[in-house]
Amino acid sequence: MTVTEPRTVTDVEDLARAVVARVDPTSSSREEFMGACFDAGLAWVHFPVGRGGLGLPGSMQSAADRVLQGAGGPDPFRQNPMGYGMAAPTILGHGSAALQERHLRPLYTAEELWCQLFSEPDAGSDLAGLATRAEKSGDEWIVTGQKVWTSLAHRARFALLLARTDPDLPKHRGLTYFVLDMEDPGVEVRPLRQMTGDAEFNEVYMTQARIPDSHRLGEVGQGWNVAMTTLMNERSAIGGGPAMEDTGPIAQAVSLWRTRPELRSPVLRDRLAALYERSEAIRLTGSRLRGGIGSKGPGAEGTIGKLVNAELNQEIYEFCIDMLGPEGALYGSYDTADETTAATLPLQRAFLRSRANTIEGGTSEVLRNVVAERLLGLPGDARNDKTVPWREVPRG
Amino acid sequence: MASSVAEAQQEREELRSMVRGLCEREVPLAQVRRLMETPAGDDPAVWRRLADLDLLGLVVPAEFGGSGGDLLTLVAAAEELGRGLVPGPFLGTVGLAATALQLSEDPAAQQAYLSRLVAGDLRATVVAQDQLGRWAPAAPTTTATSTGDGWALTGTSTHVVDAVGADLLLVAAQAAGGVGVFAVQTGAPGVQVEALSTMDLTRRQGRVVLDGASGVLVGSLDRGREVLERTGDVAVVLLGAMQIGVAQKLLELSVDYAKTRFQFGRPIGGFQGVKHRCADMMVRVEMARSAVLHAAAVADAGGSGLPRAASLAGSTASAAAVRTGSDAIQVHGGIGFTWESPVHLYYKRAVGDAALLGTVADHRDRYASIVLDD
Ligand SMILES: Cc1cc2nc3c(=O)[nH]c(=O)nc-3n(C[C@H](O)[C@H](O)[C@H](O)COP(=O)(O)OP(=O)(O)OC[C@H]3O[C@@H](n4cnc5c(N)ncnc54)[C@H](O)[C@@H]3O)c2cc1C
């Protein structure tokens, strides 16, 4: 069956089934299958036709994903989290037609992985305070500076880079946004080991790295606005949480409960039920706000979802460790694991990994500020750094 | 499909603003305060207005004077009635009694009561509480004995919402052949209803003592338990909607106050201790709202998932409302502890409602038995 102009959820499902029938995800290569999905417009259904989308509401994406992943297709977010969840919407929103043409497809098929060069040693929560300098030279930019906590930099082909182009302007106004080629000779990646034993993230040093001006996203000095697109999408992507009932971290806890009856107690049952309720309530909230029903404005669902899921994940794995009792204190090995998604890690490793959930992608303190200030309209914090030139802001 | 969903959503929003307008105009908080000091607790003229606007028959079929809508629509209205702390027997009459009658598949009882109920001429409630006031539809403590041409009911139930002032009681009772729902007239011999003195003065509870009271079986003894359990679940969803209305109002009062109350030369909402509390209040309200809307949608779809969804809605909404209330008091400081401030009225409603038709612990226990127990 062919769907000429898909408009409804059923059309999207039919289209996805047609792709699966044509290119079987269990027997063809990832590139082939994902490429077919992209060409059919099922990568991001809300993107334009020809850019991996169908120009449909974003709420219909889950229908496509259910079919594609249900048939054994890979989860594009897990394949290329920074690419799929953040680079794609940023490039679509702010990049030239040539950049969109060049990057969206190999990004979706995960032939080219992406990373996000935002945080620096002196600029974490206060991202707009960053110091990495980009200076114009002809039709190129020369970049020098240090980034930190850069997930996947050791495997990424391209990076989303936020750099300072004018240190004499107030901090938010002197930033510009670029696509950086990680193969540039001026880029050096050094792995950072984390408390789990893994090394998902890195330090990235840029020494006179070169970026053509055509790889700029948005206008010079507009980097902060462009970065907001990335951050909102980052929070939606990691905060969306599991889309289906009874999946995600809570499913791991429930499976522990079911498979280890000898470890059960009434107190644990109560805790697990409460966690289950919260998982369900936040999952339902994600789909309600994504669907635009009672919408609280762009990014609301991502911010709320990220905030709640981060703390919930931690409590779920705390529950698992408590339920395991003495066994919870064991740790198989601190060797680096290949797998970086909590869902398939041993519980102890997932438990340690979850400590990062309230830090990565915006700390919970910062997100509570965002909810209070943007969604409820409460006043901002008292600050002394917003109007002075970036050079004069105290650091430490 | 997409457009009809959007249209239904649009209609619900219109209904919502209509009900909010009605509450603000006809039962402003000053009026609620006046009514809560009266013995009856509510204003018959307001009840009549709700009936005139067809708010009592939103989900009742047209043949009984209702408008045959879905529970999602009724939930929008219930949220606003909660937000307005509107006194009156809405939960008992619409949430419980009308639901039980509709589920009873008993045309005679429906004929006798539903149109009058929708018209505002009959106040009713369901009595399925035990002697401690626990909602116990599966194992009623009242008994029904056959008298040949009818039934005689004996037993005590307490914390019965909207029992005081009701004309009709639909009583859950154990008969020899099963659990049944029995229609009992409050004026009849052997029926005693005493008002309880409640913390929340805007919602009334009563103690119902039946001593050989005459009852008419509604529906059959085979389906009585099923009708009562589903009735309870539907009413829990509506009660949850009212809790959301209360919690939303508490959030708004707190945010408004945090923007206008100055200390240390700035609005207190600029301090993270205050603003993060407000952020958490909002998140909690939104999550509870999702759970309630989901349960209403599940009920409308008619499947077997209602007990799970209703338990989630009941515990999430009540926990959110109570916590939003205590947070609101904290954000308001000393003012929040006064009788003059509106905060305590909403807080008491949240606390009182959290004890009706199952506590948070009861709902969570049932949820656990559905999702966790073998
Ligand atoms: C696993 C992991 C992966 C990451 N991946 C990436 C990546 O790929 N790319 C990238 O660019 N970054 C990445 N990060 C960095 C992440 O975005 C930052 O760690 C985060 O924004 C916090 O910055 P910081 O670590 O400098 O902490 P700080 O900002 O120094 O915060 C320290 C503490 O102070 C609190 N705080 C700071 N400011 C305020 C305030 N105004 N009000 C109240 N409290 C405040 C914070 O909440 C926190 O508790 C990653 C981090 C982790 C843990």
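Exactly one residue among A:19, A:12, A:67 is away from the ligand (no atom under 16 Å from the Cβ) and open to solvent by 10 Å² or more (accessible area, probe 1.4 Å), and that residue is A:67. Restrict the check to the stretch B:327-346 and report whether at least one residue is open to solvent by 10 Å² or more (accessible area, probe 1.4 Å), touching a His at 6+ places or on another chain (Cβ under 9 Å) and in a helix (DSSP H, G or I). Yes, the conditions are met somewhere in the stretch B:327-346. Number of residues in the stretch A:352-382 that are open to solvent by 40 Å² or more (accessible area, probe 1.4 Å), near the ligand (Cβ under 10 Å from one of its atoms) and touching a helix residue (DSSP H, G or I) at 6+ places or on another chain (Cβ under 6 Å) equals 1. Summed over the stretch B:270-283, the residues that are open to solvent by 60 Å² or more (accessible area, probe 1.4 Å) and assigned to a helix (DSSP H, G or I) give a count of 3. The residue that is nearest to the chain's Cα centre (by Cα), counting only those in the stretch A:262-279 that are more than 8 Å from chain B (Cβ to nearest Cβ) and assigned to a helix (DSSP H, G or I), is A:279. Inspect the stretch B:178-192 for any residue being outside the structural domain of residue B:151 (by TED's automatic domain parsing), over 16 Å from the mean Cα position of the chain (by Cα) and open to solvent by 10 Å² or more (accessible area, probe 1.4 Å) and give the result as yes or no. Among the residues of the stretch B:178-192, not one is outside the structural domain of residue B:151 (by TED's automatic domain parsing), over 16 Å from the mean Cα position of the chain (by Cα) and open to solvent by 10 Å² or more (accessible area, probe 1.4 Å), which makes the answer no. Within the set B:142, B:154, B:147, the sole residue that is hydroxyl-bearing (Ser, Thr, Tyr) and crowded, with 24+ Cβ neighbours inside 10 Å turns out to be B:142.
Looking at the structure I just gave you, is residue B:362 in contact (Cβ under 8 Å) with a residue 60 or more places away in the chain and either among the hydroxyl-bearing types (Ser, Thr, Tyr) or open to solvent by 20 Å² or more (accessible area, probe 1.4 Å) (or both)? Yes.
Looking only at residues of the stretch A:126-141 that are surrounded by 20 or more Cβ atoms within 10 Å (Cβ to Cβ) and closer than 24 Å to residue A:356 by Cα, we find that the one that is nearest to the ligand (Cβ to nearest atom) is A:130. Total residues in the stretch A:94-125 satisfying the condition of being in contact with an Asp or Glu (Cβ under 8 Å, 6 or more places away or on another chain) and near the ligand (Cβ under 8 Å from one of its atoms): the figure is 2.
Screening residue B:304 with (1) within 9 Å of another protein chain (Cβ to nearest Cβ); (2) modelled with pLDDT under 95 gives one miss only, at (1). Filtering the stretch A:78-93 to residues that are open to solvent by 10 Å² or more (accessible area, probe 1.4 Å) and more than 12 Å from the ligand (Cβ to nearest atom) leaves A:78, A:79, A:84, A:89, A:92, A:93. Taking the stretch A:187-203 as the search range and keeping residues that are in a strand (DSSP E or B) and of a type in the set (Val, Ile, Thr), which one is most open to solvent (accessible area, probe 1.4 Å)? Ranking the qualifying residues of the stretch A:187-203, first place goes to A:189.
This table checks each residue for (1) closer than 21 Å to residue B:293 by Cβ; (2) surrounded by 16 or more Cβ atoms within 10 Å (Cβ to Cβ).
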site: B:7; (1), (2): yes, no
site: B:14; (1), (2): yes, no
site: B:19; (1), (2): yes, yes
site: B:23; (1), (2): yes, yes
site: B:37; (1), (2): no, no
site: B:47; (1), (2): no, yes
site: B:77; (1), (2): yes, yes
site: B:83; (1), (2): yes, yes
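Of all the residues in the stretch B:165-177, those that are out of contact with any Asp or Glu (no Cβ under 9 Å at 6 or more places or on another chain) and buried (at least 18 other Cβ atoms within 10 Å of the Cβ) number 9.
Take residue A:29 and decide whether it is under 30 Å from residue A:180 (Cβ atoms), open to solvent by 30 Å² or more (accessible area, probe 1.4 Å) and either more than 14 Å from chain B (Cβ to nearest Cβ) or away from the ligand (no atom under 16 Å from the Cβ) (or both). For residue A:29, the condition - under 30 Å from residue A:180 (Cβ atoms), open to solvent by 30 Å² or more (accessible area, probe 1.4 Å) and either more than 14 Å from chain B (Cβ to nearest Cβ) or away from the ligand (no atom under 16 Å from the Cβ) (or both) - is met. Condition first: out of contact with any helix residue (DSSP H, G or I) (no Cβ under 7 Å at 6 or more places or on another chain), modelled with pLDDT of 95 or more and within 14 Å of another protein chain (Cβ to nearest Cβ). Can you find one or more residues in the stretch B:307-319 that meet it? For the stretch B:307-319, residues out of contact with any helix residue (DSSP H, G or I) (no Cβ under 7 Å at 6 or more places or on another chain), modelled with pLDDT of 95 or more and within 14 Å of another protein chain (Cβ to nearest Cβ): absent.
Filtering A:206, A:232, A:228 for residues that are assigned to a strand (DSSP E or B), away from the ligand (no atom under 12 Å from the Cβ) and more than 14 Å from chain B (Cβ to nearest Cβ) leaves a single hit, A:206.
Kindly list the number of the only condition in (1) within 9 Å of another protein chain (Cβ to nearest Cβ); (2) under 20 Å from the mean Cα position of the chain (by Cα) that fails for residue B:355. Of (1) within 9 Å of another protein chain (Cβ to nearest Cβ); (2) under 20 Å from the mean Cα position of the chain (by Cα), only one is false for residue B:355: (1). Find all pairs meeting these conditions: Cβ atoms under 9 angstrom apart; at least six residues apart or on different chains; first residue within the stretch A:353-377 and at positive phi and more than 10 Å from chain B (Cβ to nearest Cβ); second residue surrounded by fewer than 16 Cβ atoms within 10 Å (Cβ to Cβ) and assigned to a loop (DSSP other than H, G, I, E, B). Listed by first residue and then by second, the contacts come to A:362/A:125. Of all residues in the stretch B:92-142, those satisfying the criterion of being under 14 Å from residue B:233 (Cα atoms) and aliphatic (A, V, I, L, M) are B:94, B:96, B:97, B:98, B:100, B:103, B:126, B:128, B:136, B:138. Taken over the stretch A:142-186, the residue count meeting the criterion of being part of a strand (DSSP E or B) and either crowded, with 20+ Cβ neighbours inside 10 Å or within 15 Å of the ligand (Cβ to nearest atom) (or both) is 21. Residue A:324 fulfils the conditions (1) more than 14 Å from chain B (Cβ to nearest Cβ); (2) away from the ligand (no atom under 16 Å from the Cβ); (3) open to solvent by 30 Å² or more (accessible area, probe 1.4 Å); (4) out of contact with any strand residue (DSSP E or B) (no Cβ under 9 Å at 6 or more places or on another chain) except for a single criterion, (3).
The values are calculated or read from the model by the stated rules, or taken from the named source; none is laboratory data. Every value quoted in this text rests on a predicted model; they were computed, and no experiment measured them. Every residue, glycine among them, receives a Cβ derived from its backbone with ideal geometry; neighbour counts consider all protein chains shown. Ligands, DNA and RNA are stripped out before the accessible areas are found, and what is left, the full protein with its side chains, is counted by its heavy atoms. Shrake-Rupley method; radii C 1.70, N 1.55, O 1.52, S 1.80 Å.
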